[in-house]
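Down below is the structure, laid out as structure tokens.
The values are calculated or read from the model by the stated rules, or taken from the named source; none is laboratory data. Everything quoted here is computed from the prediction, not taken from an experiment. So basically every Cβ, Gly included, is an ideal-geometry build from the backbone, and we count neighbours across all protein chains shown. Note: areas computed on protein heavy atoms with side chains; ligands, DNA, RNA excluded. Shrake-Rupley method; radii C 1.70, N 1.55, O 1.52, S 1.80 Å.
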Amino acid sequence: MNVRELLNAKAEAALEAAGCQPGTAAIVGPATRPEFGDYQANGALGAAKRMKINPRELAQRAVDAMPLHGIATCSVTGPGFISFTLADTFLGEVLAEDAGIAPAGAGQRIVIDYSHPNLAKEMHVGHLRSTIIGDALARTLEALGYEVTRQNHVGDWGTGFGMLVAHLRDMDQGDGGDQEQLADLERFYQEARRRFADDTAFAERARDVVTMLQQGDPTVRDIWRRYIDISMSHCQEVYDLLGVSLRPEHVRGESAYNDDLETVVNELDEAGLITEDDGALCVFLDEFRGRDGKVTPVIVRKSDGAFLYHSTDLAAVRYRVGALHAKRVLYIVDARQGLHFRQLFAVCRAVGYEGDASLEHHAVGLMQGPGGRPFATRHGNVLRLTDLLDESVQRARHVVADKSPHLSSTEREDVARVVGIGAIKYADLSKNRTSDYVFDWQAMLSFDGNTAPYLQYAYARIQSLFRRGGVNPASLTGTPTVDTPEEHVLALTLARRQETLEQVAAQAMPHFLCAWLYDLASAFMRFYENCPVLEEGPARNSRLLLCRSTADGIRTGLGLLGIETVERM
RNA sequence: GCGCCCGUAGCUCAGUUGGAUAGAGCGUUGGCCUCCGGAGCCAAAGGCCACAGGUUCGAAUCCUGUCGGGCGUGCCA
């Protein structure tokens, strides 16, 4: 149940009954000051101003007309807020009846484009954000009943691959040693680049290879395919380690659109959008002006006849809306590509590829190095994603060995993996998607405070309670009796899950889910300190039910972020 | 030059669309009872929300300007 929406609907009905125009926004949200209640409506203030009447009087009329039927009490506070305090009986019923996530999505099809690594190189820390934010959104949208199609638009095409394929062809002894050659993709890439720069004959061959690749030469295509397969399997290893739900079937890279590019350009031409300029085929849209007020073109074919990423992205929209029937296409992509997407969407509108779909670029902020500089290691290289993950798991191993020596070695290893990976993901996911942020080893590898291990620890503590009490949580029945202040806050937080998930989906912002999980775990920790659970007495069953709901909330919530839990740690 | 984003506690970040006394974590300081797990709990110190104007009953949030940073800006993606 979406409690916020429920209260908002009641507050709007009350405002209308109090004399406001129909449709006056009640603006209900969580209370900013808990001493005044659980939720508050701010809408009476603005409405009173427009009506030129006293805001407290309007709020009081709305309070008198509020059709709450026992779910909450409300009163006028401050200059004209309406403060709500949910009834403990209502909270108990919500928890008892509302175990699952309500399907708000109604089967709408959403294509979500995320991760999209460049297969020429290994995945580095810069790929982390799009990958895990996109994955959390895909999982959350699915849980809300949307029909989600994941698309991994990998970079597997273009001039850079001529160099790599030529180098691989030279290195290949015909003994199938590719795996070995490509074990360190980064090194292979650097070698190829050095040759391309130093050896003019090689550079010439590399350029020929690009042409042969695009024309479909079978031998070159075969080498390219082997390269892509190996590079892609490296990515899949990272996804698996990272707990990202992307699978090979979600890959539809740039190369997949190669055969559509000519058609796209023809369709743009038929729509009268193409202008030739300096030998390149361009779309000039008046709204995009750059230097000297001149229009900045969208170049869809270079003067040498080659296509660019605009062409590929146009073909991708055509496919996603036309063949996949997407109603929304979500691009979880670096903020630097903002202009590219504004141009892309404008061209799609002009040529008709947009249809009735909504094309949305949900920009991801940059991960920066110390001092807000572009991210690099001490040696000037980017940090490999696997190295970051390995480091975190290694640190978690030490902590687990220190704190949980009683666990078996296999269990310790599992905990180290779940904690280490979870910490990295949560550190990133808990930040606002759009903000640039500074990469910070200490914060990212911390297991204390507002971190994934804190949430995992709360979950493990609850499981420990069940074990110690000999309780099978699945067999618990009844409705919790919410009584103490700690129980009230815990139940209230649990009741906010649905509105939180809908907010995550509406704004494509997973950090709201992180904030909710932290609220939930903290509310549980305070409850745990103040309310004995296993003590025999009338509260025991009720408190066990609260524990079960909390454990479910943490496990499923973390699950939507792609973070695991453990039964003990 | 033009465009987009940003500037919040020593550090790293939130701040639900303009609401009440700006919140967390880390770090610092001080507490936590033979009691369900101390990866925890409680508390303290720490802020001219870059700066200056403006709009408003009300501004970290909206507008203008200044300073500082990041990114983009016709043949890479």
Conditions: (1) within 24 Å of residue A:115 (Cβ to Cβ); (2) open to solvent by 50 Å² or more (accessible area, probe 1.4 Å). Residue A:242 meets all but one. Number of the miss?
(2)
Condition first: in contact with an Asp or Glu (Cβ under 7 Å, 6 or more places away or on another chain), among the hydrophobic types (A, V, I, L, M, F, W, C) and open to solvent by 70 Å² or more (accessible area, probe 1.4 Å). Now tell me which residues in the stretch A:18-29 satisfy that.
none
For the condition open to solvent by 50 Å² or more (accessible area, probe 1.4 Å) and within 7 Å of RNA strand B (Cβ to nearest atom), what is the one hit in A:73, A:77, A:85, A:32?
A:32
Select from the stretch A:180-217 the residues that are hydrophobic (A, V, I, L, M, F, W, C), open to solvent by less than 50 Å² (accessible area, probe 1.4 Å) and not in a helix (DSSP H, G or I) and list them in ascending order.
A:182
Please go through the stretch A:451-500 and give me each residue that is under 12 Å from residue A:527 (Cβ atoms) and more than 13 Å from RNA strand B (Cβ to nearest atom), ordered by number.
A:480, A:482, A:483, A:488, A:491, A:494
Look at the stretch A:407-440 and say how many of its residues are farther than 11 Å from residue A:365 by Cβ and crowded, with 16+ Cβ neighbours inside 10 Å.
20
Of the residues A:126, A:162, only one is farther than 22 Å from residue A:201 by Cα, assigned to a helix (DSSP H, G or I) and not hydrophobic (A, V, I, L, M, F, W, C); which?
A:126
For residue A:356, indicate whether it is under 26 Å from residue A:509 (Cβ atoms) and either near RNA strand B (Cβ under 10 Å from one of its atoms) or small (Gly, Ala, Ser) (or both).
no
Taking the stretch A:280-307 and keeping only residues that are surrounded by fewer than 16 Cβ atoms within 10 Å (Cβ to Cβ), near RNA strand B (Cβ under 6 Å from one of its atoms) and under 17 Å from residue A:262 (Cβ atoms), one is left with A:302, A:303
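For (1) in contact (Cβ under 8 Å) with a residue 12 or more places away in the chain; (2) more than 14 Å from RNA strand B (Cβ to nearest atom); (3) open to solvent by 50 Å² or more (accessible area, probe 1.4 Å); (4) touching a Phe, Trp or Tyr at 6+ places or on another chain (Cβ under 9 Å), each residue gets a yes or a no:
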{"site": "A:119", "(1), (2), (3), (4)": "yes, no, no, yes"}
{"site": "A:130", "(1), (2), (3), (4)": "yes, no, no, yes"}
{"site": "A:159", "(1), (2), (3), (4)": "yes, no, yes, no"}
{"site": "A:178", "(1), (2), (3), (4)": "yes, yes, no, yes"}
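Which one is farthest from RNA strand B (Cβ to nearest atom), of the residues in the stretch A:436-450 that are out of contact with any strand residue (DSSP E or B) (no Cβ under 8 Å at 6 or more places or on another chain) and outside any helix (DSSP H, G or I)?
Filtering first and then ranking leaves A:445.
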